[in-house]
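What follows is a single structure, written as structure tokens, with notes after it.
The values are calculated or read from the model by the stated rules, or taken from the named source; none is laboratory data. Keep in mind the model is a prediction, meaning the values are calculated, not measured. Positions of Cβ are backbone-derived with ideal geometry, glycine not excepted, and every protein chain shown enters the neighbour counts. With ligands, DNA and RNA removed, areas are computed over all heavy atoms of the protein, side chains included. Shrake-Rupley method; radii C 1.70, N 1.55, O 1.52, S 1.80 Å.
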Amino acid sequence: MGEEDYYLELCERPVQFEKANPVNCVFFDEANKQVFAVRSGGATGVVVKGPDDRNPISFRMDDKGEVKCIKFSLENKILAVQRTSKTVDFCNFIPDNSQLEYTQECKTKNANILGFCWTSSTEIVFITDQGIEFYQVLPEKRSLKLLKSHNLNVNWYMYCPESAVILLSTTVLENVLQPFHFRAGTMSKLPKFEIELPAAPKSTKPSLSERDIAMATIYGQLYVLFLRHHSRTSNSTGAEVVLYHLPREGACKKMHILKLNRTGKFALNVVDNLVVVHHQDTETSVIFDIKLRGEFDGSVTFHHPVLPARSIQPYQIPITGPAAVTSQSPVPCKLYSSSWIVFQPDIIISASQGYLWNLQVKLEPIVNLLPDKGRLMDFLLQRKECKMVILSVCSQMLSESDRASLPVIATVFDKLNHEYKKYLDAEQSYAMAVEAGQSRSSPLLKRPVRTQAVLDQSDVYTHVLSAFVEKKMPHKFVIAVLMEYIRSLNQFQIAVQHYLHELVIKTLVQHNLFYMLHQFLQYHVLSDSKPLACLLLSLESFYPPAHQLSLDMLKRLSTANDEIVEVLLSKHQVLAALRFIRGIGGHDNISARKFLDAAKQTEDNMLFYTIFRFFEQRNQRLRGSPNFTPGEHCEEHVAFFKQIFGDQALMRPTTF
Amino acid sequence: MAAAAAGAGSGPWAAQEKQFPPALLSFFIYNPRFGPREGQEENKILFYHPNEVEKNEKIRNVGLCEAIVQFTRTFSPSKPAKSLHTQKNRQFFNEPEENFWMVMVVRNPIIEKQSKDGKPVIEYQEEELLDKVYSSVLRQCYSMYKLFNGTFLKAMEDGGVKLLKERLEKFFHRYLQTLHLQSCDLLDIFGGISFFPLDKMTYLKIQSFINRMEESLNIVKYTAFLYNDQLIWSGLEQDDMRILYKYLTTSLFPRHIEPELAGRDSPIRAEMPGNLQHYGRFLTGPLNLNDPDAKCRFPKIFVNTDDTYEELHLIVYKTELRPSSYTQSEASISASVHPTLDFCRRLDSIVGPQLTVLASDICEQFNINKRMSGSEKEPQFKFIYFNHMNLAEKSTVHMRKTPSVSLTSVHPDLMKILGDINSDFTRVDEDEEIIVKAMSDYWVVGKKSDRRELYVILNQKNANLIEVNEEVKKLCATQFNNIFFLD
């Protein structure tokens, strides 16, 4: 197994804390992702470390008994500590507020507090075995106000801070789950649902264990993940993960089943919208992507692991570790240790070693593990940090050694452009919405976020195509690839940038394939633009028809009439230029001097006569006199005319 | 043919007249270097039609041509005589390769009148034939020969005079019968290509299809794609495509359409199990792919003869949306290595289904185009357009081509005026416009702008010059508004 093969890794800079031991208790708060190391009940110090803040919070508190649970409210404003089964103690961490502790007892008689969760900086929920109580903390008054409560029998609970949903396990089998949602002082009860338990031997009472349930947000949706150790259907072996979708409104629905094809001890994480399933027995993990195509049986989609199972990349405990580590060489860390505790979405804690890691997905190794390029693209396009990896996949599939077939290349381009088009459409409808109702801008109107999966033409041009055409590949292949990209853009109705067209032209010209170029232009595959027309003009000496193609293009643009006149004059086609400008009705505004200059240069006296006469007639028509005005600077041409044709040839003013 | 032409004439006097169209009198190829001394003259002659002509007469005729060319060369060293006009016939000279001369002698059209005493009087129409038309026909003869045989010089290198003579005999013996000199006109001068108008997306799909096919069948060197006898894509260079197009549209395709039109479905494709239903087949090569003994013989063609001199095999494959329907797309494919039956099966399985799908896409386009143009009422004019730069040609004067004749919908006199205008255009480089009032109510307008030519035939009662000019302007605005075509 090469170094490149591991696609999961522990983050490089873990949060380190003092190992758990008889005098040091360690707590983890899922909401703030903080680790609390409480020494001697707090008397000899509490150290709080989060993943983002490198400066730990340290404080002391009186040892008033064993700490059962300790958590900061959001933004570290208020500390809550549970020491008994009836009460929770509070302590303000707000400057200018009293730091004296205050206590809240749970309202329900004879109830035991199972735990508590902060839902905001001043709102807290107590979960008791008889229900839940939702409080507002008033730090300045050092008291709490009950906002709402609900009574039901609770076996255990689970909290998902990202979506502010608390899940309560009820009933004897523990498998009826009641979710509550919290938002800005309100508590709403969502429809409860039942988890189907696998059939168990009659002797044992089946029940849903808290350990087999997780909650996580995947692709913006909240899911309840249930690890079913034995499948209900006898013909399938191995455990599976069942995903229940918990919508904001409406009932919970079983949506996906992840087939693990093995049994034993598992743990779940969610990283970058991927469900990671760790298997302790084999010390490997697999990942699932519910957006990838699975087998749909009419109600549920079955998924298999995206990739073969692999261990998390071996991890060395750094030398600059905690003080306890004295040896100089890095110590390999025991992965999949039984002392690991896994939290959602991506946290792995080793309390005995004093580390908190974030689990990460490495995309580069996956490129070689997933041979199906279409599926690989589907996978990569959903990942956060995908841009450079995708670009490298594109470059790779066009390289000499790893060259993919054209249908595969086409599929990859189509997938890129599908994503690109979705973003462009969102951008456009946003722009239209803004334009339509600037004054009454609704809060729903959000500028679309450009994710890394949006690879536009300039990305593909800069990182893939411009380098690709420089390589010594067969020109047939180069052109086929460029045309395939242009075809894909067109298929998604994305306007092709002219630098791509220029790349095509450059490649064709390099290989003297002018007839191909001509045909592409004939069918307007290379869209009209002034830069392109100019490029064609410059090709005339290599390929004479380019001149005609360029003029046609300028004509179609209909905004390039001046350019057409210039082109014709430069070719000494003075009469053609004049006829053209007259044809579009612009002949009253053109400079006589410019045309006379051009006519004189042809050394064709009759042509000069014709042009001169035309402007005399124009002068007559516009000003009532055939003479040129001084502002037109035509004196030298008048003199030239007289010299050749004589004074009497000048047009005489018509007088009535 | 002659009788048919006479029968077409009507009126009481016409019955007295018999018309005979121009006809090929002789056609020969010689090289003066091969028999420079007296007594060796016969060696000069490489090919002579008709072969029955007595030897001495052959020698005399060749000698005469040689003399005329030599004589005129003293006046114009770089451009010796191209044709010789006599009362009864015209001779056309062409030197396609150094010292190799091709000569074609065409008899002028004849009108046979009954004199008062009942004796037939023959009148040769000396001014009817257009030099440019028949010179072009002669040049085309060479191009066609070269396409299938390579250059004269190559034959000399390969097997000397003997081989060259054999090749010439084999090729021209058949080819001259297909010349149909009576129906040659302006289009033979142009030797143009009719392009199929197509939207960008469908065009790109075809591109994609061709690129993929050439990738998976790597002996394929070039591909041309046609639909309903119109070209959509050519991977071959322009000059090679021009003559191949001529061959495909006037010889190969018509030969394969006629039996179908006769209602006989060619029993070529037996249902292959597991094969996608499509109506593709080879126009060159094996007739039945299921027959293990099927012969895989493809005509050889020679392209880029000035440059890389490539010898290829011509594979022509055609699909139809429905059997015997008019809508068809053809892919003409040139392969470098001799294609095997196995290759043919592979090609059939790759190209057949995809080509059928593309054909239906194109057909949709075709119907859209037809609906758009069909909404207007029958126009008062007919036109021929030609662009020298891409050889694009469009004619509403000509009906569908058959292998025997190209039918025009206008009077031959008008066609002759078109030819005359074209000759005028050739003389100068400048843009020009010529308007001719023809017999009855016909007007003929010729326009030349840059390297494009447009010929319009109008039929309007009592129209004057200004009105005709306006009509043509209108035509340009509707038909040619996306190109730079000066009014």
Rounded to one decimal in nm, the spacing of the 7 Å Cα→Cβ label points at B:Leu163 and A:Glu295 is 6.4
With a Förster distance of 45 angstrom and the Cβ-Cβ distance between B:Arg451 and A:Asp647, calculated FRET efficiency to the nearest 0.05 equals 0.60
Interface residues of region A:441-483, defined as losing at least 40 Å² of accessible area versus the chain alone with a 1.4 Å probe, are A:Lys476
Interchain or sequence-distant (5+) residues whose placed amide H lies within less than 5 Å of the amide H of B:Lys221 are B:Ser334, B:Ala335, B:Ser336
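Roughly how big is the B-A contact, given as buried accessible area in Å² (both sides, 1.4 Å probe, nearest 100)? Numbers along the way, then the final one.
Details: alone 25650 and 32690 Å², together 54950 Å².
Counting both chains, the buried surface is close to 3400 Å².
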Within the under-13-Å Cβ sphere about A:Gln497, not counting A:Gln497, Lys/Arg +1 and Asp/Glu -1 give a net charge of -3
Sorted by accessible surface (1.4 Å probe, heavy atoms of the protein chains only), largest first, A:Tyr461, A:Tyr515 come out as A:Tyr461, A:Tyr515
Under 5 Å from the placed amide H of A:Asn261, counting only residues 5+ away or on other chains, we find A:Ala239
With +1 on the Cβ of every Lys and Arg and -1 on the Cβ of every Asp and Glu, the dipole magnitude of chain A about its Cα centre, in debye rounded to the nearest 20, is 1200
Simple spin-label estimate for B:Gln182/B:Asp413, 7 Å along Cα→Cβ, in nm, reads 2.0
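Hey, got a sec? Which GluC sites (Glu not before Pro) in region A:56-164 land in a DSSP loop and have at most 12 other Cβ atoms within 10 Å? List each step's numbers first, then the result.
Details: sites: A:Glu66, A:Glu75, A:Glu101, A:Glu105, A:Glu123, A:Glu133, A:Glu140, A:Glu162; in loops: A:Glu66, A:Glu101, A:Glu140, A:Glu162.
Counting only loop positions with at most 12 other Cβ atoms within 10 Å, the GluC sites (Glu not before Pro) in region A:56-164 are A:Glu66, A:Glu140.
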Any lysines whose Cα falls less than 22 Å from that of B:Lys318, other than same-chain ones fewer than 8 residues away, would be B:Lys205, B:Lys221, B:Lys246, B:Lys295, B:Lys300, B:Lys401
From highest to lowest solvent-accessible area (probe 1.4 Å; ligands, DNA and RNA excluded), A:Asp346, A:Asp402, B:Asp424 read A:Asp402, B:Asp424, A:Asp346
Of B:His398, A:His572, ordered by accessible area with the largest first and a 1.4 Å probe, the sequence is A:His572, B:His398
So B:Arg297 and B:Gln40, fully extended at 0.36 nm per residue minus their Cα-Cα distance, gain in nm 88.5 nm
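DSSP loop (so not H, G, I, E, B), at most 10 other Cβ within 10 Å: list which GluC sites (Glu not before Pro) in region A:601-656 pass both filters. Don't jump to the answer; show the numbers that get you there.
Values: sites: A:Glu603, A:Glu616, A:Glu632, A:Glu635, A:Glu636; in loops: A:Glu603.
Of the GluC sites (Glu not before Pro), the ones in loops of region A:601-656 whose Cβ has at most 10 other Cβ atoms within 10 Å are A:Glu603.
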Those residues in region B:446-462 that give up at least 10 Å² of accessible surface, probe 1.4 Å, once the partner protein chains are present instead of the chain by itself are B:Asp450, B:Arg452
Chymotrypsin sites (Phe, Trp or Tyr not before Pro) in region A:98-150 lying in a DSSP loop, each with at most 13 other Cβ atoms within 10 Å of its Cβ, come to none
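Can you work out the accessible area per residue across region A:329-432, with the rest of the protein chains kept in place, probe 1.4 Å, in square angstrom?
Numbers: 4290 Å² over 104 residues.
That works out to 41 Å² for each residue.
Give the carbon-plus-sulfur fraction of the accessible surface of the protein assembly as shown in %, rounded to a whole number; probe 1.4 Å, heavy atoms of protein chains only. Please list the in-between numbers first.
Details: 28210 of 54950 Å².
C and S atoms contribute 51 percent here.
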As straight-line cross-link partners of A:Lys506, the qualifying aspartates and glutamates (C-alpha separation under 15 Å, not fewer than 8 residues apart within one chain) are A:Glu470, A:Glu540
Pairs over 24 Å Cα to Cα, from A:Lys107/A:Lys254; A:Lys68/A:Lys107; B:Lys88/B:Lys162, come to A:Lys107/A:Lys254; B:Lys88/B:Lys162
Label model pair A:Ser85, A:Ser392: point-to-point distance (7 angstrom along the Cα→beta-carbon line) in nm is 5.5
Along region B:469-479, Karplus-curve 3J(HN,Hα) (6.51, -1.76, 1.60; θ = phi - 60°) to the nearest Hz, with x for Gly and Pro, reads 4, 5, 4, 5, 4, 4, 4, 5, 5, 8, 8
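When ranked by the protection proxy of mean other Cβ atoms within 10 Å per residue, highest first, what sequence do the peptides B:310-316, A:431-437 form? Write down the numbers at each step before the final one.
Details: B:310-316: 21.1, A:431-437: 10.9.
Packing proxy ranking, top to bottom: B:310-316, A:431-437.
How much net charge surrounds A:Trp357 when only other residues with a Cβ under 12 Å from its Cβ are counted (Lys, Arg +1; Asp, Glu -1)? Let's see the in-between values first.
On the way: positive: A:Arg13, A:Lys33; negative: A:Glu9, A:Glu12, A:Asp346.
Net charge in that neighbourhood comes out at -1.
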The answer for region A:144-288, accessible area per residue at 1.4 Å probe in Å², is 45
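Between A:His150 and A:Gln493, take the C-beta separation as r, use R0 = 60 Å, and let me know the FRET efficiency to the nearest 0.05.
Numbers: r = 52 Å, r/R0 = 0.87.
So the FRET efficiency works out to roughly 0.70.
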Taking a label point 7 Å from the Cα of A:Asn561 along Cα-to-Cβ, the residues of region A:584-607 whose backbone nitrogen sits under 12 Å from it are A:584-590
Amide H proximity to A:Asn112 below 5 Å, modelled H, separation 5+ or other chain, gives A:Asp129, A:Gln130
Residues other than A:Lys107 with Cβ under 12 Å of its Cβ, Lys/Arg counted +1 and Asp/Glu -1, net out at +2
Across B:194-207, the residue-averaged tally of Cβ atoms belonging to other chains within 10 Å stands at 4
In this structure, the FRET efficiency calculated for B:Ile435 and A:Arg613 from their beta-carbon separation, with R0 = 30 Å, to the nearest 0.05, is 0.85
Applied in sequence order to region B:45-60, the curve 6.51 cos²θ - 1.76 cosθ + 1.60 (Karplus, θ = phi - 60°) yields integer Hz couplings, x standing for Gly and Pro, of 7, 9, 7, 9, 10, x, 5, 5, 4, 5, 3, 5, 5, 4, 4, 4
With +1 on the Cβ of every Lys and Arg and -1 on the Cβ of every Asp and Glu, the dipole magnitude of region B:182-238 about its Cα centre, in debye rounded to the nearest 20, is 300
